[in-house]
Every structure is written in structure tokens, then in C-alpha cells.
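Inspection log for the structure reproduced underneath, given as C-alpha cells.
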Protein chains: 2
Amino acid sequence: MIVGFIGFGEVSSTISNILSRNGIQTVTVVKGRSEKTNIRAIKSDVQIIDSYDALVKGSDVVISANSPANALNVAKKVSKLMDNGIYIDLNNVSPDTTLKMSQLFEKPQETLPKIEEKHSFFKKQEDVDMRNMFVDGAIIGKVSNDSTTILFSGQRSGDLAILNNYGLNIMIVSNKPGDVSTLKTLRSLYTKGVSAVLMEAYEASKEIGMVDQLFEILSLTEGETFEEKSKSRIRNSYKNSNRKVEEMDEALEFLDKISPKGKKNFMTKAARDKFNDVK
Amino acid sequence: MIVGFIGFGEVSSTISNILSRNGIQTVTVVKGRSEKTNIRAIKSDVQIIDSYDALVKGSDVVISANSPANALNVAKKVSKLMDNGIYIDLNNVSPDTTLKMSQLFEKPQETLPKIEEKHSFFKKQEDVDMRNMFVDGAIIGKVSNDSTTILFSGQRSGDLAILNNYGLNIMIVSNKPGDVSTLKTLRSLYTKGVSAVLMEAYEASKEIGMVDQLFEILSLTEGETFEEKSKSRIRNSYKNSNRKVEEMDEALEFLDKISPKGKKNFMTKAARDKFNDVK
């Protein structure tokens, strides 16, 4: 199996390193990318090639992990080039954008190549609906952690379970593209809301010189690792507040769509305002 | 040592049962109280007496655990009757109210009785400043749990560490009355904020039929007990939303006092609105 990466940031390089360590060939293109990305790729076992065209046509699985802003454009280009295999989007995009990407890959059954595999890895079975090659994925937890879980949804996501044999920790959520993106957004309502709450409690305790005491008292019920984990969350929230504002904006858009009329999403709105306030 | 309880609800009866199981005499007054309280007292080993006057004068430690609304009035009455011992307020009141109560017990040194102890439990030491008998306490975690930690602050709180020998789990925070109340308020910024965030994430996931998936995905990073604990928090938040609104109002008052001018406490305000919205 050959896995091609579009974008070779932290997410791609971590996954690529795990896969190549476990015997899978990985490829990427770094032409025109930052020096940092180039160095990262050189230090990896990834094969550096010159053309995205070759990457898409030569890979069994193409993974897009670049930036939310580029996700849709990359999907557009790849969907035109790709006639087989699986396209995974790992970018942190909204359920809406995910569905747009998925639609790009909805090709009529008859245009698909007649069974001959480029590589024998994914044995086609009669009952597999091959129409949509799009799979949306989400990494749960820290990406640098080897035991991190990756969720997949989409018609061909089941095929990706095989990656569990190659060092990854895959969970198949459903065969409906967009489910993982939705789940990730729901999750962020909790995780980012808690980060914003933590910031506010931390700021208040700092104001009166009781930061240590606050963490000590919370650790009594929240567990021994609470202080360390929370402080890392708080630091991260201040550092990435710009990105978090954008993510909360997307979450609010999603909530507006699914909420009954008149429902106010107080906490998510406040978390957005909180991150915006410390920008 | 004799410990007298003013109010014999869940908090008092739990502590009373632990103490009497460990050899300490406890007393209370249930005259005029609800049938439920009367039955609870009868089923306990607590000694039921007829007069608050006798309770205050006959106890080494008086614990007030009735309701936030009554806390200040009870403290007023007891401060007039009490001339020795320790008065503990365990009610869920604001740092401001706590300081008001503490002031009631600020008596000039010379009016204190001349050393003869009613009971020999608390040996007076020369260097102990006896002026203020007031101690504020807070129970961290579920009150029904034997291993629950009780925090104390106040000039005589150090004397209460002895209760660790009688089945309780005491932590002395400082000798400054109000510190525990402040810490409890800071803690509630986190715990109640998280409850409100949980409610919102839960409501959104319910809207699209993904409640189970949300908890499953969150449990991956938040731990195995997350689902159970969170669901209990959510249930509790809906059930006690009235009380939570009052508590958040007090927390906001506190934040207004300590925050720099112009600082908006987004999350705490939103939590208040959230609890208010589901009342």
C-alpha cells in the first residue's frame, strides 16, 4: 500500500512516520512549501516526489492534512485526478464543508475503473459500494501521541481498519461521510467550552493570588493529573486564541443549524467571546 | 468533645454519624423542624435536646449547616450566646457574607473566659490568638461520601485538625476567615461552568441523535468514568437549576469585586444564563 500526503505538517509527518516504521510506503510533495516542512520531510522516511498529479495517481490512499482554509480547494483538485482509492480529509473543517468535499467525490458507479487494482491491498468485494472515495477523519487527542485515536466515516472507511495493523489506532464511526466531522464539532463544544471556563477561573484566582490553591482544591475531585492538564489547556488557549475564535464561529454556525428556533447557545457563544477577548 | 449541630439536614447528619461512630458526642435541636429532619435525627446517634441555648453553651464546636439564607441570622444569634469554643459555618455562602459572620465573632481578647476549659479537648496554648471563634468550612465533593474532604479557614481552624482522628478528612487552608469561602467560589467557577458547557454539548448532540457517540468520543480522552460522572452532573444541573442561578449570581458579584475594570466574565455570566434558561 502507498499512502500519499498532501501537506506535511505535524499531523502528516506523525502519521507518515508511524506508517513507514510499520512497513508502509509514504509519499509527499514539498515543492514550494516552507523550509520547516522541507526539513521535516527530509528527516522522515517519506518519499519526496515532484508532482501532486503523480502522488494522487500513484497512491492507494491520499491524506489531506494541510489547513482548514485549503481543504476544499485541495479536495476539488484531487477529485478531478483520482479515479480509485480513498481520499481522507483530516483538516479541522465544519460538517458543512465536509459534505461539500464529499459531494466532489460522488461519481456515478459506471465511471469507476473495472476492478483491476493498482495495488492489491484493498481487495474489492462485491458488496462494497464504491461510488464515494471520500472519507472524513479526525484525530482525537494530541497528534504527537502514538496512541492517538483516528476516527473515520465514509463509504470506504471500513477498508481503513486495516491501518490498525500498521501502527495506527483507527475507529470506524459510520459509512456516512460527515459523521466524524459532526462528532468532532460536538466534542469541541465540550473541550473548548471547558478551556474557556478554565481560563476564567484561572484569571479570577490569579487576581487574588490563589492560583495554587484553586488547582489543589480542584485536583481533590478532578484527579491528580488535573493541574498539569489544565495548565497546558490554558496556555494553549491563550496561544491559539485566534484559531479558537474561528473554530467556535464554525461551531456556532453548526449549532444555529441544528438547534430549535429561539434556542440560545450561551456557553459556546461565551467561549467564542472569551477567546476573542484574549486575542 | 461535644459537637453541636444547628440544622440537621444531609450535611449535618452525615458528619454527625461519622463523628459519633468514632466516639464523639453530638447534639442537635429538631424542635419545630420538618418531619424528615426529625426522623433523620432519631435514626442517628445524635442526642436530641430542647434548646439552642443549651446546645451553644454545652458544645465545644458548633456547626451551622442549614441554608444559605439562614446562615447570617444563625451566626448572629450564636455569637451572642457563645463565649468559648469554635463556631463553624458550613453553609454555601459568598465570601462577603462569610466575612460579615466572622466579624460577629470578633470579640476583644479580655472578654474571653480565663482559661478554664469546659472540656479539655482543645488545650489552649499561650500563642493562640483566641479573639475569633469563627471558622468557615466547605465540603468538597459529595457530602454522602465518607472520604469527602472538608476545608477550614479561620484563626482557630488549626485546632480542628484533630477531627482527622475521628473519621473526618480535614484540610486547613489558612487562619484567615473567608479564605475557604473564596476558594469554594473560585472552584464553583470551574465546576458549574463545566456543568453548563456539558448541558449545551449534550443538548446539541441530542438534537441530532448523537448523544451516545458524543460520550464515547469524549471518554477516549477524558477517562472511562467520564460518561457516568457527566450524566449525573447534567441531571443535577437541570434539577437544581434554580439554586445554581443563585449561586452563579453570587459568583458574579464576587468576580465584579475582584476583576480589573472592564473585564467581562463571559463564561460565568453565560453559565448563569444557561441555568436560568432551563429553570
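The values are calculated or read from the model by the stated rules, or taken from the named source; none is laboratory data. All figures in this text were calculated on a predicted structure; none of them were measured in a lab. Because the Cβ atoms are built from the backbone with ideal geometry, glycine has one as well, and the counts that use them run over all protein chains shown.
Here are a few things to note about the model shown:
- Of the residues in segment B:163-177, at least one is surrounded by fewer than 20 Cβ atoms within 10 Å (Cβ to Cβ), assigned to a helix (DSSP H, G or I), of a type outside the set (S, T, N, Q) and in contact with a helix residue (DSSP H, G or I) (Cβ under 7 Å, 6 or more places away or on another chain).
- The listed residues are A:213, A:155, and the only one of them that is in a helix (DSSP H, G or I) and either assigned by TED's automatic domain parsing to the domain that holds residue A:22 or surrounded by fewer than 22 Cβ atoms within 10 Å (Cβ to Cβ) (or both) turns out to be A:213.
- Selected residue (criterion: farthest from residue A:245 (Cα to Cα)) from residues of segment A:153-205 that are of a type in the set (A, V, I, L, M) and away from chain B (no Cβ under 14 Å): A:162
- When residue B:11 is tested against (1) of a type outside the set (D, E, K, R); (2) within 22 Å of residue B:92 (Cβ to Cβ); (3) at pLDDT 95 or above, exactly one condition is not met: (3).
- In the set A:32, A:58, only one residue is of a type in the set (Gly, Ala, Ser), surrounded by fewer than 20 Cβ atoms within 10 Å (Cβ to Cβ) and either modelled with pLDDT of 95 or more or outside the structural domain of residue A:141 (by TED's automatic domain parsing) (or both); that residue is A:58.
- Counted as qualifying within segment A:1-116 are the strands (runs of 3 or more DSSP E) with 2 or more residues that are free of Cβ contacts under 8 Å to residues at least 24 places away in the same chain, namely A:47-49.
- Residue within segment A:221-241 that is surrounded by 15 or more Cβ atoms within 10 Å (Cβ to Cβ), over 28 Å from residue B:208 (Cα atoms) and acidic (Asp, Glu) present: yes
- Subset of segment B:209-239 (residues that are at the interface with chain A (Cβ under 8 Å from one of its Cβ atoms) and either β-branched (Val, Ile, Thr) or over 20 Å from residue A:230 (Cα atoms) (or both)): B:210, B:213, B:214, B:217, B:221
- Every residue from segment B:138-152 that is in contact (Cβ under 8 Å) with a residue 12 or more places away in the chain and within 13 Å of chain A (Cβ to nearest Cβ): B:138, B:139, B:140, B:143, B:147, B:148, B:149, B:150, B:151, B:152
- Matching option when the condition is among the aliphatic types (A, V, I, L, M) and closer than 18 Å to residue B:277 by Cβ, among B:173, B:180, B:197, B:211: B:197
- Which numbered condition residue A:195 misses (of (1) over 19 Å from residue A:237 (Cα atoms); (2) modelled with pLDDT of 95 or more): (1)
- Residue count for segment A:240-279 under the criterion of being within 11 Å of chain B (Cβ to nearest Cβ), of a type in the set (S, T, N, Q) and not in a helix (DSSP H, G or I): the result is 2.
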